[in-house]
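Worksheet for the structure shown next.
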């Protein structure tokens with residue numbers, strides 16, 4: 001108990017002092033996770049919309065595959081991507097291994113199914129009359145899609161936030177593809193694992209507190225804008 005109390009106390013002092021190593025690790029995590037979330041959203045949201053509003057042969061199989069990929073372990077993704085970008089892999093000449101780009105590639109693969117699945121769920125809850133009315137009034141398919149997405153914005157926003165929370169807290173992909181290089185590919189989760197192995201709990205606790213604060217702040221920001229939008233709509 002004393003170890004935990006002392007570690008938390010020292011971690012707060014480290015946060016207040018804005019330790020350079022701590023700030024670098026946090027910045028790398030935010031940069032990599034934020035980029036991954038943006039790319040996955042740009043791919044997953046349109047895919048989710050198209051799947052939700054299309055009837056095609058094998059749709060049920062696609063949905064089953066998406067739901068299956070939600071439970072895919074990060075180490076499996078890391079292993080598959082590693083086989084492609086290692087020196088002997090197809091994309092070996094690009095020298096992506098142990099870079100931030102490699103982590104981003106793995107994280108994008110991880111959360112595209114999550115964004116797509118939650119977008120499908122959000123769009124499917126919207127009354128089909130919105131789509132029919134928009135088309136009847138002469139809207140193009142792109143304009144109709146925008147109307148539906150606008151109505152499903154809360155669910156889609158929740159999907160993006162869930163995806164960000166998934167990647168910023170993952171450790172397998174970052175460790176296997178990034179290599180945990182200090183000042184370059186070391187994220188909050190990989191740094192916490194390293195410090196724990198070294199028996200240095202202060203930095204690990206500080207990073208844990210920072211990680212929880214970021215997750216809390218992002219969710220509070222989402223609920224704030226959600227509330228403001230509902231007030232404006234009244």
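The values are calculated or read from the model by the stated rules, or taken from the named source; none is laboratory data. Given the structure is predicted, the values throughout are model-derived calculations rather than measurements. Cβ coordinates were reconstructed from backbone atoms using ideal geometry, including for glycine residues, and neighbour counts include every protein chain displayed.
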Item checked: Residue among 152, 159, 145 that alone is over 30 Å from residue 102 (Cβ atoms), crowded, with 18+ Cβ neighbours inside 10 Å and modelled with pLDDT of 85 or more -> 152
Check: What single numbered condition from (1) under 30 Å from residue 24 (Cβ atoms); (2) surrounded by fewer than 16 Cβ atoms within 10 Å (Cβ to Cβ); (3) at pLDDT 90 or above fails to hold for residue 109?
Finding: (2)
Notebook entry, point to check: If you take the residues of the range 123-132 that are at pLDDT below 80 and in a helix (DSSP H, G or I), which of them is surrounded by the most Cβ atoms within 10 Å (Cβ to Cβ)?
Noted result: 131
Margin query: Just to be sure before I move on: is residue 10 surrounded by fewer than 16 Cβ atoms within 10 Å (Cβ to Cβ), in a loop (DSSP other than H, G, I, E, B) and modelled with pLDDT under 90 in the structure I sent?
Written below: no
Margin query: Take the residues in the range 28-70 that are free of Cβ contacts under 8 Å to residues at least 60 places away in the same chain, in a loop (DSSP other than H, G, I, E, B) and farther than 13 Å from residue 112 by Cα; name whichever of them is nearest to the chain's Cα centre (by Cα).
Written below: 54
Next item on the list: Examine the range 81-93 for a residue that is in contact (Cβ under 8 Å) with a residue 12 or more places away in the chain, surrounded by fewer than 20 Cβ atoms within 10 Å (Cβ to Cβ) and within 24 Å of the chain's Cα centre (by Cα), and state whether such a residue exists.
Entry: yes
Item checked: Residue in the range 112-119 that is at pLDDT below 95 and surrounded by fewer than 19 Cβ atoms within 10 Å (Cβ to Cβ) present -> no
Notebook entry, point to check: Any chance the range 43-61 includes a residue that's surrounded by 12 or more Cβ atoms within 10 Å (Cβ to Cβ), in contact with a helix residue (DSSP H, G or I) (Cβ under 6 Å, 6 or more places away or on another chain) and under 13 Å from residue 110 (Cβ atoms)?
Noted result: yes
